[in-house]
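Structure, as C-alpha cells:
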Amino acid sequence: MAERQLKMGIIGIGVGAAEMLPAIDGAENIDLFAGADIDPDVRARFGERYPNARVYDSAEALCADPDVEAVWISTPNRFHAPMTILAARAGKHVVVEKPMALNLTEAEAMLQACDEHGVKLIAGHTMSFSPPIRYMRQIVRSGALGPLAAINVFAYTDWGIRPRTPDELDPAQGGGIVYRQVPHQIDCIRLIGGGLLRSVRGTTGAWLPGRSITGYYAAYMEFEGGVPAVAVHDGSGYFVASELVPWGNAEVFYDAEARTEKRREMREGTRPEDAEKLALRIGGGEERGLVRGARRAAGRRKWQPHDLGILVVSCERGQLRQSPYGVYVYDDDGVRDVTLEVAGATRQEELTELYNAVVLGKPVFHSGAWGMATLEVALGIVESARTNKEIMLTHQVEMDPSYDSTYPVAIAEDGNGHDPKP
Ligand SMILES: NC(=O)c1ccc[n+]([C@@H]2O[C@H](COP(=O)([O-])OP(=O)(O)OC[C@H]3O[C@@H](n4cnc5c(N)ncnc54)[C@H](O)[C@@H]3O)[C@@H](O)[C@H]2O)c1
C-alpha cells in the first residue's frame, strides 16, 4: 500500500526554502500543502509554482489551517522560536531551520511548547543528516579504526559576501556566521563524536569591509573524556576550500570572478542586495543556481567542501575524510574509497526524519534537545570570544545510538565508476 502523504506548510519562502523545494518536490510522501510569507512577490511566485497549495500572508494564518499537519520554519532567525511555539500550540509538528533560536531561554520554551502540545520538533540543520557524515560516525562507533582521537573541520567560503537582508546583518537578530554556520559544523562534530561536548573556547572576526557581522570563527572544543575538536569557518571568500581538493571547482556560492565583482560593489556601495536576495527566492532569476547546487549535493556529482568544509576524523589507527562520492577510509592497510549511494546533504534526509517520526512513529533523532545543545556551542563561541575564557557546556545530549540502525547508510556497490585512490 502506498504511504500516505504528510501535509506540510512552509513558513518563510526565502532562499533557504528555495534550497528545500527540489527535495520536497522529489519526496512522494510529502504534500507541500501550504506556504506563508509576508512578501507579496514571494507569495505570488509560490502560488504560480504550486497552484494547488494554500497561500497565506502570515504564520498565524497558516497555523490556523486545520489541515496542515507539519510546518517547515525558514523565516529569519528571530522568528524561529515564536513561530515554533505558535505552531506547537496549533498542534503542528515542526522542523526549524538553523540556528534553532537566538538564545537558550527561547530554545527551552520551544522544547516545552512542543512537549506540552504533543508535537515533534526537529532541528533541521542539514549537514549532519548527510550520509558521508553518518558513515563516518558509524565507522568511529564500530571501533574499526580504534578509539576516536580528534575531529578537525576547516571551511573557507564566500559566506560573507552573499546577499543579505537587514535582519541578517544585525547580530542582535542572530546575524553573523556563528549563528548561521556553526549549526552545520558543530552538529557534524557532535554527531561523529557522540554528542557530549564538555567545553568550548572560541574567537570571532568581523573584518570584511561593508559587513557589520562576524564572517569568521574558530573554536576549540573538548568532548567529555577529552577528545579534542576544532572548527574554523572563514567566509571572506578570497580563497575557497574547494580549491584544495583535486576535483574542486573553486566555486561555492559564487565563482572567483563574481566574488571579485561583489566585493567591488560592496566597497563602492553600489550593490543591489535586496534585488539579489529576491532573485534567489522562489521564481527568481537566480533560483536555478541554488537548485543546481542542491542537485550537485545530491550524490552522483562530486562532493565539494562548500559550507561544511574539509572535515577530517582522526582515530588511533586511521583517519576518515570525504571523497568525491563518499568517504576515504585510511588505515594500516592503506586507503579505501567507500562510495555511497548519496554523497551529500540532499535535504531529503530531513524530510524523511520528519515523515518517519510523524507518520510512522519512529524516534526523532535531530530533536529539539539536540538542536539546543548545538546552539549552546554557538553561543559559547560568542561568549568565549567576548570574555577570553573557556566556556563549560551544560546542555549537551547524546545522539540516540539507534540512529545508525534506523537510518543505515547505503553503500554503492558499483563504485560509481571512478578511481578509488585519492
Ligand atoms: N539549512 C540550510 O542549509 C539553510 C540554507 C539557507 C538558509 N537557511 C535558514 O533559513 C532562514 C532564512 O534565511 P534565508 O536566507 O532564506 O532568508 P530570506 O530572507 O531569503 O528568507 C526569509 C523569508 O521569510 C519571509 N519572512 C520574513 N518575515 C516573515 C514573517 N514574519 N512571516 C512570514 N514570512 C516572513 C521573507 O519575506 C523571506 O521570503 C535562516 O534562518 C537561515 O539560517 C538554512
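Read the figures in this text as sums done on the coordinates, not as results from a lab. Just so it is clear, the model here is predicted, and its values are computed rather than measured. As a convention, Cβ positions derive from the backbone with ideal geometry for all residues, glycine included, and neighbour counts pool all protein chains shown.
Can you work out the FRET efficiency for the pair ARG301 and ARG386, with r the C-beta to C-beta distance and R0 = 35 Å, to the nearest 0.05?
Plugging the Cβ-Cβ distance into 1/(1 + (r/R0)^6) gives 0.30.
If each residue's Cβ is checked for other Cβ atoms within 10 Å, how do ARG89, ARG263, ARG347 rank with the fewest at the top?
ARG89, ARG263, ARG347
Report the full-extension gain for the segment GLU286 to ASP41: residue separation times 0.36 nm, less the Cα-Cα distance, to one decimal in nm.
So the extension gain works out to 86.7 nm.
Take each of the peptides 399-407, 60-68, average the number of other beta-carbon atoms within 10 Å over its residues, and list them starting from the highest.
60-68, 399-407
Taking a ≥ b ≥ c as the square roots of the Cα gyration tensor eigenvalues, with a/c under 1.5 meaning rounded and otherwise prolate when a/b beats b/c, else oblate, which class fits the range 80-220?
Oblate is the answer for the range 80-220, as a/c is 1.5 or above yet b/c matches or exceeds a/b.
Show which aspartates and glutamates lie in cross-link reach of LYS389 when reach means a straight Cα distance below 20 angstrom and same-chain residues fewer than eight apart are skipped.
Of all the aspartates and glutamates, those that pass the test against LYS389 - Cα under 20 Å, at least 8 places apart if same chain - are GLU222, GLU224, GLU376.
Could you work out how far apart the two model spin labels at ARG317 and ALA150 are, taking each label as a point 7 Å from the Cα in the direction of the beta carbon, and quote it in nm?
Result for the modelled spin labels: 2.1 nm.
Under a point spin-label approximation (7 Å from Cα along Cα-to-Cβ), what is the HIS117-ARG198 distance to one decimal in nm?
Distance between the two pseudo-spin positions: 4.0 nm.
How would you rank 172-180, 354-362, 204-212, highest first, on the average number of other Cβ atoms within 10 Å across their residues?
The densest-packed peptide leads the list: 172-180, 354-362, 204-212.
Starting from the Cα-Cα distance between SER405 and ASP332, subtract it from 0.36 nm times their residue separation and give me the gain in nm to one decimal.
23.6 nm
Using a/c under 1.5 as the rounded threshold, could you call the range 332-422 rounded, prolate or oblate? The axes a ≥ b ≥ c are square roots of the C-alpha gyration tensor eigenvalues, and prolate needs a/b larger than b/c, oblate otherwise.
Here the range 332-422 falls in the oblate category.
State whether the chain is rounded, prolate or oblate according to the following rule on the C-alpha gyration tensor (a ≥ b ≥ c being the square roots of its eigenvalues): a/c under 1.5 gives rounded; otherwise a/b larger than b/c gives prolate, and the remaining case gives oblate.
Because its axes are fairly even, with a/c under 1.5, the chain counts as rounded.
Roughly speaking, what is the centre-to-centre gap between the range 158-223 and the range 317-396 when only Cα atoms are used, to the nearest Å?
15
If the reach is capped at under 17 angstrom between alpha carbons, list the aspartates and glutamates near LYS362, excluding any in the same chain fewer than eight residues apart.
GLU3, GLU69, ASP115, GLU349, GLU350, GLU353, ASP400, ASP404
What nm distance separates the two modelled labels at ARG49 and VAL230, each placed 7 Å from Cα along Cα→Cβ?
4.0
³J(HN,Hα) across the range 166-179 via Karplus (A = 6.51, B = -1.76, C = 1.60, θ = phi - 60°), whole Hz, x for Gly/Pro?
x, 5, 6, 9, 10, x, 5, 9, x, x, x, 5, 5, 5
How long is the gain from GLU341 to SER142 if the chain were fully straight, where each residue apart is worth 0.36 nm and the alpha carbon distance is subtracted?
Between GLU341 and SER142, full extension yields 69.6 nm more.
So what is the relative contact order of the chain, in percent, for Cα pairs below 8 Å that sit 6 or more residues apart?
Relative CO of the chain lands at 20 percent.
In percent, what relative contact order does the range 78-180 have, based on Cα pairs under 8 Å that are 6 or more apart in sequence?
25
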